[in-house]
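Just below is one structure, and these are the notes that go with it.
The values are calculated or read from the model by the stated rules, or taken from the named source; none is laboratory data. The model shown is predicted, which means the values in this text are computed figures rather than measured ones. Cβ atoms come from the backbone with ideal geometry, glycine included; neighbour counts cover every protein chain shown. SASA here: full protein model, heavy atoms, side chains in, ligands and nucleic acids out. Shrake-Rupley method; radii C 1.70, N 1.55, O 1.52, S 1.80 Å.
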Amino acid sequence: VSQAGRLAESFAADFVDALRRIAGARHVFTEPADMAGYLTDWTSQYSADAVAVVRPADAEQVSQIVKLCASAGISIVPQGGNTSLAGGGVPSKGVASIVLSLSRMQAIRHFDEAGRTVVAEAGVVLETLQSYVDERGLQFPLTFGAKGSCTLGGNLATNAGGSNVVRYGNTRELCLGLEAVLPDGSIFNGLTGLRKDNTGYDLKDLLIGSEGTLGIITAAVFKLYPKPLTRVTALLSMASVDAAIRALNLVQDRTGHSIEAFEYIPQPVLSAVEKAFPVLKSPLQGPVETGVLMEVGSSRLSDAKTDDDGFNQLVAELLSIFEELMESGDIRDAVIAQSEQQRADLWRMRELVLESIMAYGAAYHFDISLPLANVSWFLREMDLTAAELGFETLTIGHLGDGNLHYALVSADREAWHGLPLGEAKARAFELLKQLNGSFSAEHGIGQSKLDVMRALKQPAQLNAMRAIKRALDPDDMMNPGRLVPAAE
Ligand SMILES: Cc1cc2nc3c(=O)[nH]c(=O)nc-3n(C[C@H](O)[C@H](O)[C@H](O)COP(=O)(O)OP(=O)(O)OC[C@H]3O[C@@H](n4cnc5c(N)ncnc54)[C@H](O)[C@@H]3O)c2cc1C
């Protein structure tokens with residue numbers, strides 16, 4: 001029996017009819033087959049029923065739906081591309097809710113060449129915005145593996161990070177303003193694109209990273225950047241994580257802070273990708289202690305100028321840095337992409353890591369961050385703990401910003417159930433605490449990390465979050481049971 005079926009029948013029918021009047025009958029689904037894709041998350045770990053799925057066309061319709069749900073006592077789960085890795089965008093079991101999908105709101109409303117900004121609706125797929133901006137000679141730098149299906153609304157709601165944070169910051173730093181519908185149904189329009197606007201509490205920053213618990217983001221204005229005229233993409237085999245961090249800073253110093261991405265990808269992960277996707281082969285001479293996929297970009301004409309050897313200035317500068325680091329022993333092997341195709345192949349290896357780990361066996365994925373100076377300490381200690389408890393590990397990370405996706409794995413899916421995962425998690429979180437790390441770097445809390453949030457977030461912060469939630473959403477209608485753990 002669907003949730004619509006369980007609610008008092010006439011009440012449910014009236015509610016669904018009202019949704020249809022607002023969004024149009026074609027955009028309200030109640031049949032299990034039509035709703036299925038919206039009710040299970042990307043990891044297949046979270047799944048629950050909904051009264052309906054509704055796809056509004058604009059902020060005005062979203063506002064009417066929010067008011068309708070408030071009067072009917074039905075909660076709202078906003079959803080973009082449904083690529084959340086924290087179970088954030090699908091309903092909770094036993095809670096009467098609708099999924100409000102932003103998938104119809106796909107307009108790119110305005111491109112401001114002078115101000116270098118773009119206004120786009122929440123349902124625009126990240127890759128679509130990247131291409132749109134690229135065709136106009138600029139760059140929207142947010143990027144990561146789910147770019148072909150995640151949406152701008154989801155990126156904002158989770159304050160997504162990805163590979164280019166080391167240079168451009170996370171989604172919060174790329175956003176200049178929002179349009180959103182608040183839990184009382186009012187529409188907040190903050191799309192001026194101003195770079196300076198100190199007029200009190202910043203609602204934009206409150207909504208970014210709020211995972212749908214404080215309102216529904218319907219559009220946003222984003223900063224754009226110059227497109228690099230020249231890029232160097234290199235896969236490096238390095239002596240250690242500390243050697244990689246030395247290289248990071250040296251390249252930043254010598255290139256005017258031009259590293260666009262600095263991704264950690266050690267041998268076990270390269271091997272897992274090669275196993276899952278045999279067409280992809282690491283070009284490095286094997287075994288790689290610390291693999292790094294580094295991309296450096298420059299929009300300076302002088303860097304793109306070719307010298308007598310046929311190399312441009314940026315390539316020449318990097319070759320000289322690599323030579324220096326090879327002499328010191330920090331770099332053991334380096335491969336530089338010679339064509340767009342080679343660059344794409346290197347990035348494909350990086351972007352297929354998550355799928356490769358899932359194919360490898362059972363896994364638990366941490367999404368953590370550490371001060372750079374403590375990364376190797378964490379890896380050393382945690383690898384020992386993991387081995388002692390019987391786990392293998394497959395770890396990648398956005399090393400440039402100290403963000404590790406540390407995975408405890410077992411190729412034997414049966415044996416996995418007998419492994420002491422609870423103890424491994426407790427020891428990892430204790431170590432993180434000692435090393436000033438965060439238990440959630442970029443994927444958000446959703447449903448999957450509520451227990452950790454309750455245990456580890458400082459009480460002063462948790463209490464303030466609960467007070468904000470109560471003030472803006474007193475009836476707990478917006479994505480309940482996510483992000484903010486209930487007080488005990
Ligand atoms: C292969 C893969 C790689 C990934 N790599 C990264 C990575 O490198 N960095 C990173 O940060 N994340 C990564 N993610 C996680 C995920 O893709 C991002 O968090 C993404 O930003 C979610 O966007 P979405 O549109 O799919 O949101 P959804 O999954 O639909 O929703 C995510 C959360 O946001 C809320 N939400 C969605 N839209 C709105 C809206 N318009 N208004 C209010 N709330 C809303 C939902 O309720 C939910 O809580 C990855 C995921 C996959 C599958």
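Considering only the other residues whose Cβ falls under 15 Å of the Cβ of E31, what net charge follows from Lys and Arg at +1 and Asp and Glu at -1?
Details: positive: R20, R26, R55; negative: D34, D49.
Neighbourhood net charge equals +1.
Give K196/K457; K67/K449; K449/K469; K281/K449; K93/K147; K196/K449 a once-over and call out the pairs whose C-alpha atoms are over 23 Å from each other. Those over the limit are K196/K457; K67/K449; K281/K449; K93/K147; K196/K449. Note on the chain: Kirkwood hydrodynamic radius from all Cα pairs is 23.9 Å, rounded to one decimal.
For segment 2-77, the convex hull spanned by the alpha carbon atoms encloses 93 Å³ per residue.
Summarising the amide proton neighbourhood of A219: residues at separation of 5 or more, or on other chains, whose placed amide H is nearer than 5 Å comprise A122, E179.
Expressed in units of 2.2 N^0.38 Å, where N is the residue count, the Cα radius of gyration of segment 318-404 is 1.34. Taking a ≥ b ≥ c as the square roots of the eigenvalues of the Cα gyration tensor, segment 61-128 is oblate, since a/c reaches 1.5 or more and a/b is not larger than b/c.
Size of the dipole of segment 362-470 about the Cα centre, Lys and Arg at +1 and Asp and Glu at -1 on the beta carbon, nothing else charged, in debye to 20?
The dipole of segment 362-470 has a size of about 740 debye.
Which value in deg cm²/dmol, rounded to the nearest 500, describes the helix-derived mean residue ellipticity at 222 nm for the chain, given -39,500 (n - 2.57) per DSSP H run of n ≥ 4 and division by the residue count? Each step should come with its number before you reach the end.
Details: 20 runs with 189 residues, N = 488.
Helices in the chain give a 222 nm mean residue ellipticity of -11000 deg cm²/dmol.
Pair-distance distribution of segment 119-163: all C-alpha pairs, bin width 10 Å, starting at 0; shares per bin in whole percent are 30, 60, 10. Amide H contacts of E260 (H built 1.01 Å from N, in plane; Pro and chain starts excluded): E295, V296, G297 sit under 5 Å, all sequence-distant by 5 or more or on other chains.
Across the alpha-carbon atoms of segment 273-419, the computed radius of gyration and Dmax are 18.4, 62 angstrom. Just the Kirkwood number for segment 249-302, please: inverse of mean 1/r across all distinct Cα pairs, in Å, one decimal. Kirkwood radius, segment 249-302: 13.0 Å. Phi-derived couplings, Karplus 6.51 cos²θ - 1.76 cosθ + 1.60 at θ = phi - 60°, listed residue by residue for segment 62-70: 4, 4, 5, 5, 4, 5, 4, 5, 4 Hz, with x used for Gly and Pro. Computed over the Cα atoms of segment 441-480, the ratio of the radius of gyration to the Kirkwood radius (Rg/Rh) comes to 0.98. For segment 1-117, the per residue solvent-accessible surface stands at 45 Å², with DNA, RNA and ligands left out and a 1.4 Å probe. For segment 378-455, the spread of Cα positions along the three principal axes, ordered from largest to smallest, is 32, 27, 20 Å.
Counting pairwise Cα distances across segment 69-216, what percent come out greater than 24 angstrom? Pairs farther apart than 24 Å: 31 percent. Each of L354, A386, F439 was placed along the dipole of segment 336-448 (beta-carbon charges, centred on the mean Cα), and the one lying farthest toward the positive end is F439. Kirkwood radius, segment 191-345, all distinct C-alpha pairs, inverse of mean reciprocal distance: 18.3 Å.
By the scheme Lys and Arg +1, Asp and Glu -1, what is the net charge of all other residues having a beta-carbon under 12 Å from that of L178?
Numbers: positive: R172, K204; negative: E121, E179, D202, D205.
Net charge in that neighbourhood comes out at -2.
Taking only Cα atoms of segment 374-423, what ratio of Rg to Rh do you get with Rh as the Kirkwood inverse-distance radius? Could the numbers behind the result be given before it?
Values: Rg = 11.9 Å, Rh = 11.7 Å.
So for segment 374-423, dividing Rg by the Kirkwood Rh gives 1.01.
Find out how many positive minus negative residues lie around G190, taking Lys and Arg as positive, Asp and Glu as negative, among other residues whose Cβ is under 12 Å from that of G190. With Lys, Arg at +1 and Asp, Glu at -1, the neighbours total -3.
Under conditions of 37 °C and 0.692 mPa s, segment 318-368 yields 238 µm² s⁻¹ as its translational diffusion coefficient, taking Rh as the Kirkwood radius over Cα pairs in the Stokes-Einstein equation. A Cβ-based charge dipole, computed about the Cα centre of the chain with Lys and Arg at +1 and Asp and Glu at -1, lands at about 1100 debye.
Charged side chains reduced to their Cβ positions (Lys and Arg at +1, Asp and Glu at -1) give segment 316-399 a dipole of some 220 debye around its Cα centre.
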